[in-house]
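This report concerns only the one structure given below.
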Amino acid sequence: MKWAIRDLLNPVATRSLLYGADPFDLEYILKKIDNIKVKSGKQIQAIWLDEWHAKIDRYAKLRDEAEAKGNKLSAKAYAKMVTQCHYACFMINIEDLEHKTEIYKGLEESYKRYIKLCKNKVEYVEIDTKYGKIPAYIHYPDSGRKTDYPVAITYSGIGSCKEELEMLSDPLNERGIAVITPDMPGAGAAIIHNNIKCGGKQIEAAFDGIYKFVKNHKKLNEKKIANFGLCMGGGYAFRATVKNKQVKACVSLFPLLMNFADQGSIPVWMKRGKWSSYQYADDYLEGMKTLEEGTHKADFLMVYSSDDNWMTPEASQKLLDKAQGYKESIHIEDKPAYVSEETIMHAMPVGEQYHWVKQIAADFIAERINGGK
């Protein structure tokens, strides 16, 4: 019986496509992996990384040539392709921490090149917290020269990074909203450069630091604020809203609260792998119970899936029930395309539905903090 390697790579493929990797590039690389005669984890990893890096080299050359000629539109497009290829590399579960760091630095640097070519201002900032500095970007909807911008704070969880969160900021920028995309504890540069682990105390400190940052920022309006989260970030968004009564709207897309989740469905490598373990604080699971505390009366939108085997509809309903103000929910029953019974994961329904759900989410937030623009 043939090893269904594509099924095993479904979570990585889904996340790569979610961030905008070209489907033809992805198919080309998957076919290369299909042709491996004697498959092993190391071989698959090597082919995946080598082929994406070959595409990085091609698109980086095209980016540099376009930029040298003053072709800003094509330079920006190629720069985005470079970051998408780096992101596909970052998605692989690499146990070698030094190699993982090297891969992230490639994504980090290529993203910096990309945002310099964007029309809207994307500003790098560092947010002070009790446990260290949280690296973040502010994505302005324009040149960033105005004041009093309504602001949304985006969140994701373990395995993510602020560079990925541009996919949450784009639809909000289009509606005139400034967006903060932080590396939460255990994610991106927060863990790789600043060693801030993912745990309840660290996450609570991050919320406190972010709100203080918004309050003290001359261009951001702390009275027009929303929280917007995906996956673990959906749980973060809820808890962050509990902590600030001024928040007008909270959106949780396919929320994942670890203490609500089916622990038996979460792969061992995510709980005890070398890279995964490095991201967690010692009291991770116990500390994450903090996210369950309290409730809020902000307007709340939650999207959840029947095919999320980590956060079941029943578990998602527990979160929805906690909200005491106006609330809406979207229950998605579509069967994911990137799925098999052996490899179904939380990432599949999240990735496959986001492309249309994001417009509803952005409208929900804009109506509450920006007059529906």
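The values are calculated or read from the model by the stated rules, or taken from the named source; none is laboratory data. No experiment lies behind these values; they were computed from the predicted model shown. With ideal geometry, Cβ positions are generated from the backbone for all residues, glycine too; neighbour counts draw on all protein chains shown. Heavy atoms of the whole protein, side chains included, go into the accessibility calculation; ligands, DNA and RNA do not. Shrake-Rupley method; radii C 1.70, N 1.55, O 1.52, S 1.80 Å.
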Could you sort Ser74, Ser169 by their accessible area in this structure, using a 1.4 Å probe and putting the largest first?
Ser74, Ser169
If you take the square roots of the eigenvalues of the alpha-carbon gyration tensor of region 139-290 and sort them as a ≥ b ≥ c, do you get rounded (a/c under 1.5), prolate (a/b over b/c) or oblate?
prolate
Just to check, using Stokes-Einstein with a Kirkwood Rh over alpha carbon pairs, what's the diffusion coefficient of region 144-212 at 37 °C and 0.692 mPa s in µm²/s?
257 µm²/s
All other residues with a Cβ under 9 Å from the Cβ of Ser306 taken together, and with Lys, Arg as +1 and Asp, Glu as -1, what is their net charge?
-3
With every protein chain kept in place and a 1.4 Å probe, the residues Arg239, Arg58, Arg15 fall, from largest accessible area down, as Arg58, Arg15, Arg239
Would you list Thr290, Thr154 from the most to the least accessible area, probe 1.4 Å?
Thr290, Thr154
Counting only protein heavy atoms with a 1.4 Å probe and every protein chain in place, the carbon and sulfur fraction of the accessible surface of region 41-89 in whole percent equals 52 percent
In region 98-157, lysine pairs closer than 21 Å at Cα, eight or more apart or cross-chain:
9
Computing the accessible area with a 1.4 Å probe over protein heavy atoms, can you report the carbon and sulfur percentage for region 153-250?
45 percent
Once every DSSP H run of n ≥ 4 in the chain is given -39500 (n - 2.57) and the sum is divided by its residues, what mean residue ellipticity at 222 nm do you get, rounded to the nearest 500 deg cm²/dmol?
-15000 deg cm²/dmol
Overall dimensions of region 1-146 by Cα: Rg and Dmax, Å:
17.5, 62
Taking region 36-180 and dividing mean pair separation by its residue count, relative contact order in percent (alpha carbons under 8 Å, at least six apart)
16 percent
Along its three principal axes, how long is the chain when you only count alpha carbons? Whole Å, largest extent first please.
58, 54, 38
Express the accessible area of region 1-144 per residue in Å², computed with a 1.4 Å probe while the remaining protein chains stay in the model.
52 Å²
Please compute the Kirkwood hydrodynamic radius of region 100-204 from all pairs of different C-alpha atoms, in Å with one decimal.
14.0 Å
